[in-house]
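Have a look at the structure below, then the notes.
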């Protein structure tokens, strides 16, 4: 039982029910699609990057509670950051969900820390990291 | 049982004497409790709960007799087969040949020469595509499959179609997940050279009327391949009664080990087919320039075959026949019936695939909740089901969903396990509400 409530922490369930930034973004200047062929999950991440900062971030798509909550929390977490900061955050998030204890001070990971339970479920790591990979691809793509 | 290899829902009486039981346990009464004791893994726990294993369409668990046979082979019987001029190699060769004979008997083949050991169903189908297909298919020839095939009975045909210029056609399925027979018959033509069809859909459980399809196909001069990966564990198979030219199945779904599968091929066809892999064991004579081929089945078994696995498979078939398909189909039918009743009644659950004739598979979605999340809740209860596209993406697309949950049953499952599944699904709403 502990395992399941560790995986699906209340914050995750809440973001799954009411995801933030789940919308089209007509003024986005970066976009990428992510696809997990194993489970059919699809996510589109859109960003507006101006003056070297991510001014806005949004996503759409279908996926499990973990991937949906991850996308929701990610879009909130990267707003206002530089692309380098977002990439660094992804790196630390990835360390967290793959069970590396030095992932960093949970306090500085903020809400992302709720994904710590994913590390006990290796098959779900891809669910949690799909939005991040997609965000990174959007950052690396040319302007729309 | 009205038709061999065709009846699933025929069984009605539970716990009937297994009158068809053969040598392994003559006259034994069907007792699921006794059967469960033969499978050591069924006594284990997962996440602190007794394992409820409902992923039998992916792979079945193994009885102790199979585990022992493999262990015994490696402990006291291991040697490579053929040409070993010593006792151990002779014994291994005899055991491997006997396994082939056992499989021939299980499938109703005329001769063990019609049985090729492969790595599994996938390799068996690729063998036919690459050997028969490469030799026989010409530009404009047609291959007819269905929209409910596992990727392993689709992609080998896509590849050979691309290589030969043949045209691949797929007959659609209905909203119930049944083959659209009218459409299938319309797609069958004098251009159809090969018909490939799954006996039972791994994603939906649909049982196809293979005998009828084979008859129509062969009347048009087409060769018929049946993907029996899902049917061989659940129905008595008689390749002659089915009227097919090729039949492919996997050892590991039949309570045997992984790494061994079977291709049945009608002798007349196998004899005319060229090799598809070259190596040791498949030749008659070799010079540096060219070689001549061994007769089937050796022609199609290049390299050291899965010896221990074939021997383990033969023991698994003894086990299955010991229970008998009459008892197996009756019990599995009862499990499926109860599952449809209980799971189908849960609010928000939609069954995917409701064919009138199906076997041992319950595919479903829970509205608004991703199959992976449902699967995680069930896993927390020790219940093993599969969540995903089941290597049948065209089927998922047909139903407009990315994935389903699939519970698939075996004769060792119990009604209590089906009830545990339904209870677990009830908990899904509590978590994701």
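Read-outs throughout are calculated quantities, based only on the coordinates presented, and are distinct from any laboratory measurement. These numbers were taken from a predicted model, which means no experiment stands behind them. Note that we place each Cβ from the backbone using ideal geometry, even for glycine, and neighbour counts take in every protein chain shown.
Once all Cα-Cα distances of chain A are split into 5 Å bins that start at 0, what whole-number percent is in each one?
2, 11, 21, 24, 21, 13, 5, 2, 0, 0
Could you give the length gained on full extension between residue B:64 and residue B:416, defined as 0.36 nm per residue of separation minus the Cα-Cα distance, in nm?
Gain in length upon complete extension: 124.4 nm.
Counting only the backbone N, which residues of the range B:42-76 are under 17 Å from the spot 7 Å out from the Cα of residue B:258 toward its beta-carbon?
B:54-63, B:67, B:70-71
Mean residue ellipticity at 222 nm from the helices of chain B, using -39,500 (n - 2.57) per DSSP H segment of n ≥ 4 over the full residue count, to the nearest 500 deg cm²/dmol?
So the calculated ellipticity at 222 nm is -10500 deg cm²/dmol.
Of A:128, A:57, A:120, which has the largest mean-square fluctuation in a 10 Å C-alpha GNM of chain A?
Between A:128, A:57, A:120, it is A:120 that shows the largest mean-square fluctuation.
Once a ≥ b ≥ c are taken as the square roots of the eigenvalues of the Cα gyration tensor of the range B:329-433, is the result rounded (a/c under 1.5), prolate (a/b larger than b/c) or oblate (a/b not larger than b/c)?
oblate
Taking only Cα atoms and a 10 Å spring cutoff, compute GNM fluctuations for chain B and point out the largest among B:176, B:61, B:326.
Top of the fluctuation ranking is B:176.
Give the Rg/Rh ratio for the protein assembly as shown, taking Rg as the radius of gyration of the Cα atoms and Rh as the Kirkwood radius, to two decimals.
Rg divided by Rh gives 1.02.
If I model a spin label as a point 7 Å beyond the Cα along the Cα-Cβ vector, how far apart are those points for residue B:34 and residue B:151 in nm?
Inter-label distance under the simple model: 4.2 nm.
In terms of the ratio Rg/(2.2 N^0.38 Å) built on C-alpha atoms, what value belongs to the range A:46-100?
Computed over Cα atoms of the range A:46-100, the ratio equals 1.18.
Using 0.36 nm per residue of separation minus the Cα-Cα distance, give me the extension gain between residue B:240 and residue B:350 in nm, one decimal.
Between residue B:240 and residue B:350, full extension yields an extra 35.8 nm.
Please give the length that would be gained between residue B:268 and residue B:110 if that part of the chain were fully extended, namely 0.36 nm times their separation in residues minus their C-alpha to C-alpha distance (nm, one decimal).
Separation in residues times 0.36 nm, less the Cα-Cα distance, equals 55.7 nm.
Name the residue, out of B:315, B:103, B:365, whose mean-square fluctuation peaks in a Gaussian network model built on chain B with Cα pairs under 10 Å.
Maximum fluctuation in the GNM of chain B, among the listed residues, is at B:365.
Shape call for chain B from the C-alpha gyration tensor, a ≥ b ≥ c root eigenvalues: rounded (a/c under 1.5), prolate (a/b greater than b/c) or oblate?
Oblate is the answer for chain B, as a/c is 1.5 or above yet b/c matches or exceeds a/b.
Please determine, in degrees from 0 to 90 and to the nearest 10, the orientation of helix A:83-97 with respect to the longest principal axis defined by the Cα atoms of chain A, where the helix direction is its Cα long axis.
The angle comes out near 20 degrees.
Fewest Cβ neighbours within 10 Å first, please rank B:391, B:244 accordingly.
Sorted ascending by nearby Cβ count, the order is B:391, B:244.
From the Cα gyration tensor of the range B:110-254, with a ≥ b ≥ c the square roots of its eigenvalues, which class applies: rounded if a/c is under 1.5, or else prolate if a/b is larger than b/c, or else oblate?
rounded
Can you give the FRET efficiency to the nearest 0.05 for residue B:74 and residue A:27, using r as the Cβ-Cβ distance and R₀ = 56 Å?
Efficiency at R0 = 56 Å is approximately 0.25.
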